[in-house]
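Heads up: the structure comes next, in structure tokens.
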Amino acid sequence: MDDDDDDVPQLSAHTLAALQEFYLEQQQREGTKTSQGFNQYSVGSIEENWQLSQFWYSDETASCLANEAIVAAGKGGRIACVSAPSVYQKLKERDDKDFSVVILEYDRRFSVYGEEFIFYDYNNPLNLPENLLPHSFDIVIADPPYLSEECLQKTAETIRYLTKGKILLCTGAVMEEQAAKLLGVKICKFIPKHSRNLANEFRCYTNYASGLD
């Protein structure tokens with residue numbers, strides 16, 4: 001056997017430096033998360049997974065939608081966030097929590113939020129826990145993960161089951177006609193923004209007189 005290392009591939013100094021920088025940034029990110037000042041509810045504390053079609057709202061949009069949900073739910077109201085984790089996180093940041101909220105989400109990373117997390121797969125829209133009673137939420141805010149009629153149709157089943165009446169839907173502008181047909185919602189003037197720019201125009205829809213117009 002030849003013990004000579006000449007044939008073993010070596011990383012260039014530039015590549016090695018880039019790798020070290022990457023690992024340092026990763027360590028710093030993790031260090032920030034575990035530090036005392038880390039807020040587990042801040043938008044982006046759980047990073048987007050594009051394979052799950054996750055695109056978080058900008059901080060301003062998440063705040064606006066959270067405020068709208070609180071006003072619509074009323075004092076002591078119940079809010080359900082269906083596939084809308086950044087709104088849930090923004091609601092949990094609020095100090096004046098005269099409301100309750102749950103998050104229905106496919107991504108099990110959000111189970112860190114304990115009993116308020118409910119595993120949800122839009123393919124099985126009514127496969128929900130028994131304690132999630134029909135028409136038990138003052139408002140449902142939903143952001144179906146995919147821009148398809150099938151996804152909206154199935155998510156709409158969940159929304160209709162959960163809400164006492166009020167619906168705040170966030171989806172693409174191309175879904176306007178389908179959303180009106182399935183949920184009786186109308187497009188709002190407010191235009192939501194994401195932390196990363198999306199190719200598709202995104203809009204909000206409600207079935208009540210909201211503060212988003």
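The values are calculated or read from the model by the stated rules, or taken from the named source; none is laboratory data. Just so you know, these numbers come straight off a predicted model, no measurement behind them. Note that we place each Cβ from the backbone using ideal geometry, even for glycine, and neighbour counts take in every protein chain shown. Protein only, heavy atoms only, side chains kept; ligands, DNA and RNA dropped before computing areas. Shrake-Rupley method; radii C 1.70, N 1.55, O 1.52, S 1.80 Å.
Say whether the condition of being at pLDDT 95 or above, within 14 Å of Ala80 (Cα to Cα), surrounded by 14 or more Cβ atoms within 10 Å (Cβ to Cβ) and touching a His at 6+ places or on another chain (Cβ under 6 Å) is met by at least one residue in region 156-164.
Checking region 156-164: at least one residue is at pLDDT 95 or above, within 14 Å of Ala80 (Cα to Cα), surrounded by 14 or more Cβ atoms within 10 Å (Cβ to Cβ) and touching a His at 6+ places or on another chain (Cβ under 6 Å).
Listed residues Asp96, Asp59, Asp138; which is exposed (fewer than 15 other Cβ atoms within 10 Å of the Cβ) and farther than 19 Å from Lys186 by Cβ?
Values: Asp59 fails: exposed (fewer than 15 other Cβ atoms within 10 Å of the Cβ); Asp138 fails: exposed (fewer than 15 other Cβ atoms within 10 Å of the Cβ).
Criteria check complete, one pass: Asp96.
Are any residues in region 99-122 in a strand (DSSP E or B) and either at pLDDT 95 or above or open to solvent by 20 Å² or more (accessible area, probe 1.4 Å) (or both), and if so, which ones?
Phe99, Ser100, Val101, Val102, Ile103, Leu104, Phe117, Ile118, Phe119
Take Pro125 and tell me if it is part of a loop (DSSP other than H, G, I, E, B), touching a helix residue (DSSP H, G or I) at 6+ places or on another chain (Cβ under 6 Å) and surrounded by 15 or more Cβ atoms within 10 Å (Cβ to Cβ). Spell out how you get there, then give the answer.
Details: part of a loop (DSSP other than H, G, I, E, B): yes; touching a helix residue (DSSP H, G or I) at 6+ places or on another chain (Cβ under 6 Å): yes; surrounded by 15 or more Cβ atoms within 10 Å (Cβ to Cβ): yes.
So Pro125 fits the description; yes.
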